[in-house]
Structures are given as structure tokens and as C-alpha cells.
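This report concerns only the one structure given below.
What follows draws every value from the coordinates through simple rules; no lab data is involved. Just so you know, these numbers come straight off a predicted model, no measurement behind them. All Cβ positions, even for glycine, are placed from backbone atoms using ideal geometry, and neighbour counts span all protein chains on display.
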Amino acid sequence: MVFSSHVFIFYFLPLVLAVYFLLPLRGKHVALTLFSYVFYGWANPWFILLMMFQTVVDWAVGMTLAGLWGRPANAPVPLLDPRGPRTRAQKIALAAGLVSNLALLAFFKYFNFGLDNWNAVMTSSGLETARWDTALRITLPLGISFYTFQSMSYAIDVYRGDARAIRSILDYMCYVAMFPQLVAGPIIRFQDVADQFLERTHTLEKFARGVAFFALGLAKKILLANPCGKVADTVFDAGTAATLDAWYGVCAYAFQIYFDFSAYSDMAIGLGLMLGWVFAKNFDSPYQSQSITEFWRRWHLSLSTWLRDNLYIPLGGNRRGEVRTYVNLLATMVLGGLWHGASWNFIIWGAIHGGMLAFERLFGKDSAYARLPGPVKTAITFVIVLFTWVFFRAKDLPAALAYCQTMLGLGGPPKAGSDLLAGLVYRPYFVVSFLTAAVVVWACPQTWDFTRRLTWPKAIWVAGLLLLSIALMESQAFNPFIYFIF
């Protein structure tokens, strides 16, 4: 089930809200958990069993870390001393939880990738008999990358003493399965919502802001991301394009992935607010960044902070010398790229970002680049990001390299059919959507700021966008959010 669908908006969401607000706090958690399992299992109910298994494992890890087994139900849950020693049992429990999560993620996400690369190496080495030819192909469970990282954050936060463990398994199931952010984030750190399980407010102001968040997110998805996605799909799948068309296509994809993912984040935050939850901001106008370093302080904040706190810093961060710092940056971003997908394209995408982070740190504030005007630095950063998006979008590595060549004017003369391509992607509807997306990216306030104080003119504007989005949604083909595949 997706947020931008008739079933969700007109049936599922109203039913959730009606039941939710009729129940006390504990009942709210139970209802939200059950509805979340329905939401998650809508396409494939079998995936619920996998998520439930991992939920039980991670809850048991938290119980062990906090020493809650055998203690009275009314005994207070201790907060571990952040600087205190950890017992052998606690270390084993944390390791078991992390290995369990990573093993499931590795199997379901990277089995096919590993098998294909093994067979390719064996074939190129002349060892045909060592190939593993099998009809078995693993289906990627929806949202597994997000809920495994979220589950790991629970064990890590409890172990570090950043949050108390949850005694109630129902509350923990609610935390993992909560449908607003389950499938595509933002990745909710347990320490950010732990207190909200005990107490949170439900106010008309918070609910109204949530509706505004949801409406603006839906508008981003339907009015901007989807038409820009049509342009990107047409250009990338064409097999032939002029240089200008290639730049137009990758810019359209840059707008698509931003508005698609920030739309989902906005809608998740809005749904959370309607239900009384406050989730952290996930985007901060990333295309206004003046460096790749700044870009990662603005793009997918929940992932970048998760990687920083749970990968970059444990690797040593910047505490072990300059060379090790650059290695840590590169390793973190390569693994972050691999988290996005089992493909060499994603690894290269992460490596480029990691290399740029190391490069910017090496030359820092003393470079000639640092003295350029702000708009010039923003334009250069955006161009670098565009080249990295090619690897994110292209179907494979040869296609990505060929597309980059076309962008640089090195792809040779356009093949037959390029005029037809131009006729498809420069239609007025697509051009207007593209230009509107550019205006919103660089000239409009963020959803987070726009909804901070709702006035009647804003409410009317939001309502109009909501009605227009729903009307156009009914005329568009099924178009799930991009990050569903990650």
C-alpha cells in the first residue's frame, strides 16, 4: 500500500484515525501496530513474518542489555551508564542483535548480487564448472533496509546508554512496524521517540500541521516527482539522446528523486503528527548546498546521521590521523551506497561521494573553490550531484558510463530517433513541471518552515493543492515511491 493511492487516502487512513482516537494510550499502540502490519503486508503478507521474527529478536536483545529478565513487571527500567563497563552477556547480546539484522539484510538484499558476480568471475576465469547456476532468486522484502537499521539503532542506543529498553514487546512492535515511516523512512532513532511511548500530546494544532505536511508531500509526489520521473525514464531508457537531452533527463531525475523521497518523508512526518508523534526533519534543501559535505548535512538526514554515529565514528572518525579519516569517509559512503542497492552502480555512487568528502576535507577552507561566490559553488555542487545521480539511475555500469559520455559531448552524434525523443520530453506539461520543480527547489520555503505556523491563506493554499493532487492522482498510473526498492 502506498500513501499516494485511493485506498490509503479514502479508506485506510480514515479508519486508522477513527479507531486510534477512540482508544486510550495503550490501546493506541496496539491498534497502530495491527494497522501497520496490515499496511506492510498489503502486497505480500509473508514479509510480515520476517519482520516479526526480527522484532522479537531485537526486543529480547534489549531485555538482555537492560537485565530485565526475571525482574518484577513494575521494577524501573535502568538506563545504562554511558561510560560504565559492559558485561560479557551484554556484549554478546548486542553482537547477536547486530549479526541477526545484518545477516537478514545481506541474504535478502545481496544474495542475487553476489551470485551474479561469482558466476561472472568464474566465467571470465574459464572455470565454468565452478558456476553456481540456480533458479533460486531472492525477492527483496519491502522496506527491509529501513527497518533493519531502525532495529539496530534500538539495540545500539540501549547499549550506549542513550535510551532505556522497552519492557513491553507490544510497544517495541509498534516502534518497528509504525506504518508512517516503515517502508521508506525517515529512519527513526529509538532515542528520539522513546519518551513518546510513555507520553505524547494530541492537539488540534499538531493534527492540522500533520495534514498540511501530508498534503504538501502528496503535491510534491503527484505534481512534481511523477512528471519529472516520466521525463527521466524516457531519456534514460531511450538508448539515444543529444547532449542537451541528457542534461535535461538527469536534471529531471534529480528533481524526481528529491521530490519523491522528500514527499514520502513529509507525508510520514505528517501522519506521525496526526497520530501525536514527532519525527525528526529529513531534508533541508539539499540542492542549495555549496559543497558535497554540506549536501550530506541536508540530504536524507536520518541516514547520514545514522551512518555517522554508527559507522564513521566507530571506525575511528577523524580521531586517528588524516589518512585514516579519508579512509573512514570513503568506507562509510561506499557502504552507504551499497545499503541503497546491490549493484556496482551504487558502490561507485557512494565512492564518488566519499571521495568528494575526503577531497573537500583535504583542501578545506584554503582552496580557491572556497573563495568563489555562493551561487557558483551551489551550481558546481549540483553538477557533481547530477553526475552521481547517473550511476544511481542507470540500469547498469556500461549504461551509466555511456550516459556520462553523452553529457560531456563525447557520445558521438545522436542516433536516429533523437528527434522523436525531444518531441516526447519537451511537451509543455513536462517543461512546466520541470521549471516549477526548479523554482520550488531554489526559491520556495521548505515544508518544515511553511507549516510551522498555519494561517488561513496557507490553509486554503494547502487545501487547493490537496484537491488538485487527488484529482491528478486518479488519472496517473500506479507509481510507487522510488525508495521502496531500497
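If you wrap a convex hull around the Cα atoms of segment 211-335, how much volume per residue is inside, in Å³? Present the calculation step by step, with values, prior to reporting the outcome.
Working: hull volume 17.5 nm³, N = 125.
It is 140 Å³ per residue.
Express in nm, to one decimal, how much length is gained between A60 and R160 on full extension, taking 0.36 nm for each residue of separation and deducting their alpha carbon distance. Could the numbers behind the result be given before it?
Details: separation 100, 0.36 × 100 = 36.00 nm, distance 1.66 nm.
Contour length minus Cα-Cα distance gives 34.3 nm.
Dividing the Cα radius of gyration by the Kirkwood radius, what Rg/Rh value follows for the chain? Could you put the intermediate results ahead of the total?
Details: Rg = 23.6 Å, Rh = 24.3 Å.
My calculation puts Rg/Rh at 0.97.
What spacing in nm lies between the two simple spin-label points modelled at L17 and D396, each 7 Å away from Cα in the Cβ direction?
It works out to 4.8 nm between the two label points.
How far, in nm, would the chain grow between A103 and Q405 when pulled straight, counting 0.36 nm per residue and subtracting the alpha carbon separation? Could you put the intermediate results ahead of the total?
Numbers: separation 302, 0.36 × 302 = 108.72 nm, distance 3.79 nm.
Additional length available on full extension: 104.9 nm.
Just want to confirm a number: the relative contact order over segment 206-481, from Cα pairs under 8 angstrom separated by 6+ residues, in percent.
Details: 341 pairs, mean separation 81.6, N = 276.
The value is 30 percent.
Can you compute the FRET efficiency between Y110 and W442 using 1/(1 + (r/R0)^6), with r the Cβ-Cβ distance and R0 = 45 Å? Round to the nearest 0.05. Numbers along the way, then the final one.
Details: r = 37 Å, r/R0 = 0.83.
Taking R0 as 45 Å, the efficiency between Y110 and W442 is 0.75.
Dividing the convex hull volume of the alpha carbon atoms of segment 42-195 by its residue count, what do you get in Å³ per residue? Intermediate values should be presented prior to the final figure.
Values: hull volume 24.3 nm³, N = 154.
Looking at segment 42-195, the number lands at 158 Å³ per residue.
Through the Karplus equation 6.51 cos²θ - 1.76 cosθ + 1.60, θ set to phi - 60°, convert the phi angles of segment 321-328 into ³J(HN,Hα) values in whole Hz; use x for Gly and Pro.
x, 5, 4, 5, 4, 5, 4, 5
What distance in nm separates the two pseudo spin-label positions at R200 and E322, each 7 Å out from Cα along the beta-carbon direction?
Result for the modelled spin labels: 4.7 nm.
What is the distance, in nm, between label points placed 7 Å from the Cα along the Cα-to-Cβ direction at L127 and at T243?
4.5
How many percent of the alpha carbon pairs in segment 206-481 exceed a separation of 33 Å?
27
Would you mind checking segment 200-224 for residues with the amide N under 12 Å from a putative spin-label position 7 Å along Cα→C-beta of W456?
The answer is none.
Note the full-extension length gain between K281 and R427 as 0.36 nm times their separation in residues minus their Cα-Cα distance, in nm to one decimal.
Numbers: separation 146, 0.36 × 146 = 52.56 nm, distance 3.49 nm.
Between K281 and R427, full extension yields 49.1 nm more.
Going down the list K281/K395; K220/K365; K221/K281; K220/K377; K28/K458, which pairs span over 29 Å between their C-alpha atoms?
Details: K281/K395 31 Å; K220/K365 36 Å; K221/K281 18 Å; K220/K377 26 Å; K28/K458 31 Å.
Among K281/K395; K220/K365; K221/K281; K220/K377; K28/K458, the Cα-Cα distance tops 29 Å for K281/K395; K220/K365; K28/K458.
So, R0 is 25 Å and r is the distance between the beta-carbons of F10 and A43; what FRET efficiency does that work out to, to 0.05? Kindly include the intermediate steps, with their values, before the conclusion.
Working: r = 19 Å, r/R0 = 0.75.
E between F10 and A43, to the nearest 0.05, is 0.85.
Which whole-number percent gives the relative contact order of the chain, counting Cα pairs below 8 Å spaced six or more residues apart?
Details: 619 pairs, mean separation 89.0, N = 486.
Reported relative contact order: 18 percent.
At a threshold of 8 angstrom on Cα-Cα distance, excluding pairs fewer than six apart, so keeping six or more, what relative contact order does segment 343-486 reach in percent?
Details: 33 pairs, mean separation 29.0, N = 144.
Relative contact order, segment 343-486: 20 percent.
Semi-axes of segment 276-317's equivalent ellipsoid from the Cα gyration tensor, sqrt of 5 times each eigenvalue, largest first, rounded to whole Å? Show your work: numbers first, answer last.
Working: eigenvalues 76, 63, 4 Å².
In descending order, the three semi-axes are 19, 18, 5 Å.
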